[in-house]
Amino acid sequence: MTSTTIAPAESVFTYGAPALKFGDGAADEIGYDLAQLGARRVLVLTDPGVAATGIPARVADRMAAFGVEAVVFEGVRVEPTDASLQAAIDWARDHGHVDAFVAVGGGSSIDTAKAVNLLLTNPGELMDYVNKPVGGGQSPPRPLRPLVAVPTTTGTGSESTTVCVLDVVDQHVKTGISHARLRPTLAVVDPLLTISQPAGVTASAGMDILCHALESYTARPYTAGTRKRPEQRVPYCGANPVADMWSERAMTLLASSFRQAVRHGDDLDARREMAMAATFAGLGFGNAGVHIPHANAYPIAGQAHDFHPDGYPTGNGGLVPHGMSVSLTAPEAFRFTFAAAPERHLRAAELLDPRAERTAEPADQLPAVLTALMRDIGIPPGVAAVGLDESRVDSLVEGTLKQQRLLAIAPRDAGADDLAGIFRRSMHLW
């Protein structure tokens, strides 16, 4: 007689988050916070559009009162590429030692700061650390220096996460670098910094908030699969009770503030709620993870180069903003995942739009809520609207399949045929 040993089921989840300072005027205290971290000379990273608002210069100037010298880099590229990250790394190396980094801007600035911090503190090249199979997938062997993330857009969640997103140009795909050491030391969320955010940016970044909350809430439970060894644990561990709490609260805030923030950007109460929603969603998905909509977003953004969204700079050529690219397949992705956790999809639809008329088919309820919102805030009506037609489906699927880190926590296994179906049904959402 032979016996079969059954591997024990997973019973452990992990949770990590940066220190957080939230509220009107919080950005004015960054010099004090840096001094407490022992910093005396810091690199401030931002993009030209945010630099033009004067916010990064104000943040840098106010550090002097606390004995902190600031060096400012204004060359961050919106939607970073491997080339733009390398340019920032090279610039930083040429401008002397710094004790810490401060990123002022959207996810592009924060992600660029993560990459610069990584390569100024660790050996090797950028592609050594990019996630497999696009890059080498190495873990940084050395600790990074303190990073203070100061978001001026409400949506990316990069101030809370362990991920740096980039477009690898020669492979025509967006991917990332993911490791716990990339998580910012401190997130400073000041709603006053988001007042100048254009409506188009608010809409796109807000869809990123929404998908962060939805994807982490519907991710494969952390208890799925066999137990991992300690060294196998990764930041994205699947849906868990702590992340669920943040995701549900983020969706509730979005229900009351999202449309108002897009239509009336000077409504400070709506801006505060959006900033809080972004923070809560980041605290959730930064641990539970995201899945199919984000995995699909990377090849969309990597392959669409002739789209010019409202509210974004034109100097980079065509681009599909990250939050917009995530949203374009979200309704069909959640229709696909419904069967894995019907109660969670229905609960999410209720949280996002408590007053919405419910359709006869439960699987249609969340997609209907999403498409109604997207229409109201001016998101393009599908993948075809950003310049990618059905002839690109195979290459889009190929790009998505490279995002195994994300697909691994999808609530349903999604193979090439499944993903192709999602892309085809997302070409024209309405």
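Mind telling me which of the residues R405, R412, R392 ends up being surrounded by 14 or more Cβ atoms within 10 Å (Cβ to Cβ), of a type outside the set (D, E) and assigned to a loop (DSSP other than H, G, I, E, B)? Reasoning before the result, please.
On the way: R405 fails: assigned to a loop (DSSP other than H, G, I, E, B); R392 fails: assigned to a loop (DSSP other than H, G, I, E, B).
After ruling out the rest, the residue left standing is R412.
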* To do: Would you confirm whether any residue within the stretch 330-339 is at negative phi, over 19 Å from the mean Cα position of the chain (by Cα), surrounded by fewer than 20 Cβ atoms within 10 Å (Cβ to Cβ) and not acidic (D, E)?
  => yes
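Which residues, counting only those in the stretch 128-158, are outside any loop (DSSP other than H, G, I, E, B) and either closer than 30 Å to A27 by Cα or under 20 Å from the mean Cα position of the chain (by Cα) (or both)? Even if it seems obvious, please write down each step before you answer.
Step one: list which residues in the stretch 128-158 are outside any loop (DSSP other than H, G, I, E, B), which gives 128-129, 147-151.
Listed by number, the residues that qualify are Y129, L147, V148, A149, V150, P151.
Report yes if T279 is surrounded by fewer than 22 Cβ atoms within 10 Å (Cβ to Cβ), polar (S, T, N, Q) and at pLDDT below 95, otherwise no.
Criteria not met by T279.
So which residues in the stretch 72-115 are of a type outside the set (D, E), part of a loop (DSSP other than H, G, I, E, B) and touching a helix residue (DSSP H, G or I) at 6+ places or on another chain (Cβ under 6 Å), if there are any at all? Steps first, answer last, please.
Step one: of the stretch 72-115, the residues of a type outside the set (D, E) are 72-73, 75-78, 80-81, 83-89, 91-93, 95-98, 100-110, 112-115.
After this cut, where a residue has to be part of a loop (DSSP other than H, G, I, E, B) as well, the list is 75-78, 80, 95-98, 106.
The answer is V76, R77, V78, P80.
With respect to G31, is the statement that it is surrounded by 17 or more Cβ atoms within 10 Å (Cβ to Cβ), touching a helix residue (DSSP H, G or I) at 6+ places or on another chain (Cβ under 6 Å) and either at pLDDT 95 or above or within 22 Å of H322 (Cα to Cα) (or both) true? Let's see the steps before the verdict.
Values: surrounded by 17 or more Cβ atoms within 10 Å (Cβ to Cβ): yes; touching a helix residue (DSSP H, G or I) at 6+ places or on another chain (Cβ under 6 Å): yes; either at pLDDT 95 or above or within 22 Å of H322 (Cα to Cα) (or both): yes.
Yes, satisfied.
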* Asked: Residue check: is P354 surrounded by 17 or more Cβ atoms within 10 Å (Cβ to Cβ) and part of a loop (DSSP other than H, G, I, E, B)?
  -> no
* **Residue identified as within 17 Å of I409 (Cβ to Cβ) and crowded, with 18+ Cβ neighbours inside 10 Å among S204, S178** => S178
* To do: Determine the pairs where a residue that is touching a residue at least 40 places away in the same chain (Cβ under 8 Å), located within the stretch 31-51, has a partner that is of a type in the set (D, E) and in a loop (DSSP other than H, G, I, E, B) with Cβ atoms under 6 Å apart, the partner being 6 or more residues away or on another chain.
  => A39/D99; R40/D99; R41/D99; T46/E74; P48/E74
* To do: List the number of the failed condition for F258; all other conditions in (1) surrounded by fewer than 24 Cβ atoms within 10 Å (Cβ to Cβ); (2) more than 16 Å from the chain's Cα centre (by Cα) hold.
  => (1)
* Please specify each residue of the stretch 370-389 satisfying the condition of being in contact with a helix residue (DSSP H, G or I) (Cβ under 9 Å, 6 or more places away or on another chain), under 18 Å from L214 (Cβ atoms) and part of a helix (DSSP H, G or I). => L370, T371, L373, M374, D376, I377
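So, of the residues in the stretch 207-255 that are at pLDDT below 95 and under 15 Å from the mean Cα position of the chain (by Cα), which turns out to be surrounded by the fewest Cβ atoms within 10 Å (Cβ to Cβ)? Explain how you work it out, then say what you get.
Step one: filter the stretch 207-255 for residues at pLDDT below 95, giving 224-237.
When the remaining residues are screened for being under 15 Å from the mean Cα position of the chain (by Cα), the result is 235-236.
Numbers: P235: 20, Y236: 25.
Taking the candidates together, the pick is P235.
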* Structure fact -> Expected output for the stretch 272-283 (first residue without any contact (Cβ under 8 Å) to a residue 24 or more places away in the chain, partner of a type outside the set (F, W, Y), Cβ below 6 Å, 6+ apart or cross-chain) is E273/L253; E273/S257
* Asked: Among G382, G378, G323, which is farther than 22 Å from T156 by Cβ, touching a residue at least 24 places away in the same chain (Cβ under 8 Å) and assigned by TED's automatic domain parsing to the domain that holds R259?
  -> G382
* Could you tell me whether E332 is out of contact with any helix residue (DSSP H, G or I) (no Cβ under 8 Å at 6 or more places or on another chain) and either not hydrophobic (A, V, I, L, M, F, W, C) or not assigned by TED's automatic domain parsing to the domain that holds L401 (or both)? => no
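If you take the residues in the stretch 266-302 that are part of a helix (DSSP H, G or I) and among the acidic types (D, E), which one is farthest from Y236 (Cα to Cα)? If you could, list the steps in order and put the result at the bottom.
Residues of the stretch 266-302 part of a helix (DSSP H, G or I): 268-288, 292-302.
Those left that are additionally among the acidic types (D, E): 269, 273.
Numbers: D269: 32, E273: 26 Å.
The selected residue is D269.
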* Considering each residue of the stretch 39-59, count those that are part of a helix (DSSP H, G or I) and under 17 Å from G107 (Cβ atoms), and give that number. => 6
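Condition first: among the β-branched types (V, I, T) and not in a helix (DSSP H, G or I). Can you find one or more residues in the stretch 303-320 that meet it?
Within the stretch 303-320 (the criterion being among the β-branched types (V, I, T) and not in a helix (DSSP H, G or I)), the answer is yes, since at least one residue qualifies.
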* Could you grab me the full set of residues in the stretch 363-377 that are crowded, with 20+ Cβ neighbours inside 10 Å and within 13 Å of E350 (Cα to Cα)? => Q365, L366, P367, V369, L370
* Asked: Which condition breaks for L45 when tested against (1) surrounded by 14 or more Cβ atoms within 10 Å (Cβ to Cβ); (2) out of contact with any helix residue (DSSP H, G or I) (no Cβ under 9 Å at 6 or more places or on another chain)?
  -> (2)
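The values are calculated or read from the model by the stated rules, or taken from the named source; none is laboratory data. What you are looking at is a predicted structure, and each value in this text was computed from that prediction instead of being measured. Cβ coordinates were reconstructed from backbone atoms using ideal geometry, including for glycine residues, and neighbour counts include every protein chain displayed.
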